[in-house]
Amino acid sequence: MDPGPQSPAFIRQYDPAKDYQAVIHVFRETCDETLKVEPIWTVGSYIWCWPYLLLNPESCFVVDGGNGTPAGYVIGVPNTGAFCQRWRDNYVPRVQAELDSLASVQQHGNGEKTKSIINRRDDMLNLIRNDPHKLVLGDIPNESQELGHLHIDILPSHQRRGFGKQLITTFCSAVGKQGCKAVYLGMSATNHGAAKFYEAYGFKRLPNVLDDGSSGELGRTGKKDDAGQALYYVIDL
C-alpha cells in the first residue's frame, strides 16, 4: 500500500524514549571533521550530546523530519554552572562504564597519528571525568556560568529551510521560562556562514577579552590564523 506523501518537517520536544539514537546520528554526521576518527568520534558524543540528553531533556528540541525521526536538534541548559555541577554529580557516575570502555579501546599502529589520536582521546576523557567547566565554558569568564548555553546541529537535507531559527526560538523561549536571562554559544571562527546566521538572528559577540587578548578581538579565542580559533556569541532573552 502506498503510504502517501510524507508529512512536513516540524519542531517538537526531544523524546528520550525514541529519539536518542537519531540525535547521536545527527551529531556524528554534522560534527567537526577533526572529530571523525574513532574513538574520538564516540567520545565527542559524550561531551557535546549525551550530557544534555540525559540531564536536561526538557530543554532539548528536534526537527522531526515528518516521519518521526529527528533530522536536527538544539540541546542546551538554562544555567551553565548548575549543569556543570550535575555533570560531576550525576552524569559521570551514570556513564562511567562507557567511559572506561572507551579508554580501553586499542588503536592499531605505533605512528605519530595513532599516538595523537590516543592522546586526544585520553585528554577528552580526563576532562569529561574531572573538569566539565573547562569543556563547557572553555576560556570564557566564570560569570558566564549564570548564563544558559546551547548546541545546534541540522542534517544537510534540512538546512537552509528555516529550522535553525525555529530551533533557537523554541529553545530560548523554553529556558527563558526557567529563569534564564541570556544564552551563549561557541563556534569555530572559520565558520563564516554560521557567524552571519547568528548575528542576523540577534546574537552579539561576547563582550569580553578572551584568551589574554591574543586575537585582539572581543569574544574570540586564538589568533586569526590559528586552526582552533573560536568565537563566542550571546543573546539576551
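The values are calculated or read from the model by the stated rules, or taken from the named source; none is laboratory data. None of these values were measured; they are calculated from a predicted model. FYI the Cβ positions are ideal-geometry reconstructions off the backbone, even for glycines, and counts take in every protein chain you see.
Some observations on this one:
Conditions tested, residue by residue: (1) part of a helix (DSSP H, G or I); (2) modelled with pLDDT under 95.
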| position | (1), (2) |
| --- | --- |
| D139 | no, yes |
| S144 | yes, yes |
| D153 | no, no |
| K165 | yes, no |
| C172 | yes, no |
| C180 | no, no |
| A227 | no, yes |
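- Those strands (runs of 3 or more DSSP E) of region 1-79 in which at least 1 residues are surrounded by fewer than 16 Cβ atoms within 10 Å (Cβ to Cβ), considering only elements entirely within it, cover 10-13.
- Complete set of residues in region 145-181 that are surrounded by fewer than 21 Cβ atoms within 10 Å (Cβ to Cβ), aliphatic (A, V, I, L, M) and not assigned by TED's automatic domain parsing to the domain that holds V23: A174
- Matching residues in region 182-200 - criterion: being surrounded by 15 or more Cβ atoms within 10 Å (Cβ to Cβ), in contact with a strand residue (DSSP E or B) (Cβ under 8 Å, 6 or more places away or on another chain) and assigned to a helix (DSSP H, G or I): A194, A195, Y198
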